[in-house]
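Data block below; observations after.
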Amino acid sequence: QPNTDIACRTIDKEERSLLRKVIDRIADRCRSRSLFILHYCTGCGAIELPPTITSRFDSERLGIQPMVTPRQADILLITGYLSVKTLKRVILSYEQMQGPKYVIGMGSCTINGGIYWHSYATIKRLQEYIPVDMYIAGCMPRPEAIQQGFLQLMDNIDKGHANAWEDYYCNYDTYLGNQQALFGTNWHTPTDVIAEAQHYKLFTENSIGEHTALLAQFASEYVTQPIPSQVLQGNR
């Protein structure tokens, strides 16, 4: 477990040198015009993506196009309702994406559960489990609304305002606590989020806590657990 006394302090944007500000400004401008979408088609909104991406609305002319893997994606697009089981895969995909990364929730389901608000099997507020940069309301939003959402996100990135992804590292213990409340205390992914927080210089005193301690305890027990004899015999 990292020591909070040696945590990396996040450099305030006003403390940057003039050259660093210019470089960051150019990087934000370039990044906003070259975005790859991981279109995680969880629900009804998936039907609105083909017209958005293809010739009629042609989102590629804006520099936005689909990507099939989280490793090279910038935007995680959640297209509707999320079941508890599906949310696990969404979190794993989000953690595998490199920063900066952005999340767009489409439809009422990602905001308040939509027509599934009373269901025990679906989550109601996506932002409690991963940071969300933008919601596009509707059931489902039309391609025009989706494209306008893309344009607004591009503008936010260009201005350096799309920094919700940093909150996941700065307040990871809170997000992990919400995830554990839903999935159980033994919930974990292969991603070392704490190490990534230190890498991005976003590690704070809120990055760790009681929930990350549970995660570390479970990980140590899992590593030291002996392999069942039935498994060894099966491998032979």
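The values are calculated or read from the model by the stated rules, or taken from the named source; none is laboratory data. This is a predicted model, so every value here is computed, not measured. Here the Cβ positions follow ideal geometry from the backbone for every residue, glycine too, while neighbour counts run over all protein chains shown. We work out accessible area using only protein heavy atoms, side chains counted, and drop any ligands, DNA or RNA first. Shrake-Rupley method; radii C 1.70, N 1.55, O 1.52, S 1.80 Å.
With a Förster radius of 25 Å applied to the beta-carbon distance between T69 and A46, the computed FRET efficiency rounds to 0.90. At a probe radius of 1.4 angstrom, the accessible area of the chain per residue rounds to 55 square angstrom. Simple rule: put +1 on each Lys or Arg Cβ and -1 on each Asp or Glu Cβ in the chain, find the dipole, and look at P51, I23, Q180; the Cα lying farthest toward the positive end is P51. A dipole drawn for the range 98-156 from +1 and -1 charges on Cβ atoms has a positive end, and of N156, M106, A121 the residue lying farthest that way is A121. Computed from backbone phi with θ = phi - 60° and the Karplus coefficients 6.51, -1.76 and 1.60, the 3J(HN,Hα) list for the range 46-62 is 4, 5, 8, 6, x, x, 5, 7, 7, 4, 5, 9, 6, 5, 5, 5, 8 Hz; x is used for glycine and proline.
Each of L87, F203, I130 was placed along the dipole of the range 66-205 (beta-carbon charges, centred on the mean Cα), and the one lying farthest toward the positive end is L87. Summing Cβ point charges (Lys, Arg +1; Asp, Glu -1) relative to the Cα centre of the chain gives a dipole of roughly 620 debye. Here's the picture: a label point sits 7 Å out from the Cα of Y120 along the beta-carbon direction, and within the range 170-191 the residues with their amide nitrogen under 16 Å of it are 182-184.
Label sites at K85 and N178, each approximated as a point 7 angstrom past Cα along Cα to Cβ, lie 2.3 nm apart. For the range 42-76, the list of trypsin sites (Lys or Arg not before Pro) that fall in a loop by DSSP and count at most 14 other C-beta atoms within 10 angstrom reads R56. Residue by residue, the range 104-114 carries 3J(HN,Hα) couplings of 10, x, 9, x, 5, 4, 6, 8, 9, x, x Hz when phi is fed to the Karplus relation 6.51 cos²θ - 1.76 cosθ + 1.60 (θ = phi - 60°); x denotes Gly or Pro. Taking the Cα centre of the range 54-131 as origin and assigning +1 to Lys and Arg Cβ atoms and -1 to Asp and Glu Cβ atoms, the resulting dipole is close to 200 debye. Here the calculated FRET efficiency for R20 and S55, from their Cβ-Cβ distance with R0 = 35 Å, stands at 0.30, rounded to the nearest 0.05.
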